[in-house]
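Please treat every number below as a calculation from the coordinates, not as lab data. In this text, all values refer to a predicted model and were calculated from it rather than measured experimentally. Neighbour counts are summed over all protein chains in view; Cβ atoms, including those assigned to glycine, are modelled from backbone coordinates with ideal geometry.
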Amino acid sequence: MAAQRKLPAGLVCAAFVCVGVVILLVKPGAAHSSRLFLGWIAYDARLKLSLEQDAAGPGYYPATARGPVSLAGITREFRTAWPEQSVAVINGAVCEVASALLHHGDVEVGDFDGDKFVPWTMAAWAAAEKIRMELMAKNEFVEDDRRYVFRRK
């Protein structure tokens, strides 16, 4: 009887392994995306449990209730506060603020096309990763107030 129970359990485990291998073969970026998503969930849990300070701080999240907040504006504030810091340090700090803002469920990121806000159509964790990848690849500060704009939904 125990052998009969082990066989279906073994088949189920084998099926999960096969599905995982197929997903990795069909979509190689799936493992990377899964790791990013799990990191996003862990960071979110630390924020909610107050184990980590919210990088959006007392100023940026409430500012989204008053109107759109651009990463270019945040970058200007950081450059004024830390004039001796490099592009990489400032952009890294800006990425932390962006990620913290996106951890609030009522905040979205997008761009302005003229006077119209166009929200990004991706999950918050994917948007945070996109911002991080683009900003950290730059050798210049964010200056365009129409890109990387955060607002309340």
Placed amide H near residue 120: partners under 5 Å, 5+ positions off or other chain: 109, 110, 111
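Between beta-carbons, use under 10 Å as the cut-off and find the net charge around residue 95, counting Lys and Arg +1, Asp and Glu -1.
Working: positive: 132; negative: 96, 129, 134.
Here the charged neighbours net out to -2.
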Environment charge at residue 119 (Cβ cut-off 10 Å; Lys +1, Arg +1, Asp -1, Glu -1): 0
Inter-site label distance for residue 123 and residue 144 at 7 Å from Cα along Cβ, in nm: 2.7 nm
Where only alpha carbons of segment 53-152 are counted, the Rg and the Dmax (Å): 12.5, 36
Ordering of 118-131, 77-90, 135-148, 99-112 by burial proxy (mean other Cβ atoms within 10 Å per residue, highest first): 99-112, 118-131, 135-148, 77-90
